[in-house]
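Colleague: Input: one structure, supplied below.
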Amino acid sequence: MPYIPDEHKKYNLLPQSCLDGGEVFSYDSDLVYGLESLLDNKYSLIPYGYDSYEEYYEHLDSISAENPSVKEKIEELKKDIKKRNIKENWSIAKYVGDTTDGVFGLTHDRYYYFPCSADDITYDGIIDDEEFTSYMNYPLSKSLWEIVEDPLKLLERVLH
């Protein structure tokens, strides 16, 4: 079951992940892929398929123990993941447009997370249940989204 702050539970965020289990992660793909290449791509460091942040950190710690030369880089990745995944800082918006079909469609009246960190308040995608979809071209028109929670004012700047 993904971590959802108590104050966010009323929005029914990440419904499929809540049913099936599994945590969602915001992460710096450049940092992950760079570290994977330092490890000659012997390990996947993409934080996908883990039930909790702790389980992912254990995976990273085991890689660090086997590869002491990258210990500092792995600690940097862990620190970055921790900063990015403070869900209390993430914005929440309700999609008020028409439901769209497709694997990564949007559902009318459903709530979505827009991740960001206090160190990097930039739009980097939408968390659509278990999938971090920064590569998707979601519509960002203010007429399609109702801002619900915007602690770092990300959505105020992004939706136009």
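The values are calculated or read from the model by the stated rules, or taken from the named source; none is laboratory data. Only a predicted model underlies this, so the values are computations on that prediction, with no experimental measurement involved. Heads up, the Cβs are rebuilt from the backbone with ideal geometry, glycines too, and the neighbour counts pull from every protein chain shown.
Colleague: Would you check which residues across segment 76-114 are free of Cβ contacts under 8 Å to residues at least 24 places away in the same chain, of a type in the set (D, E, K, R) and farther than 19 Å from L60 by Cα and list them?
Modeller: D98, D101, D109
Colleague: Could you tell me whether S17 is in a loop (DSSP other than H, G, I, E, B), at pLDDT below 95 and polar (S, T, N, Q)?
Modeller: No: the conditions fail for S17.
Colleague: Which of the numbered conditions does Y123 fail, given that it passes all the others? Conditions: (1) more than 21 Å from M1 (Cβ to Cβ); (2) out of contact with any helix residue (DSSP H, G or I) (no Cβ under 6 Å at 6 or more places or on another chain); (3) modelled with pLDDT under 95.
Modeller: (2)
Colleague: Considering only residues that are in contact with a Ser or Thr (Cβ under 9 Å, 6 or more places away or on another chain) and either farther than 25 Å from T122 by Cβ or exposed (fewer than 13 other Cβ atoms within 10 Å of the Cβ) (or both), which ones fall in segment 30-42?
Modeller: Selection gives L38 alone.
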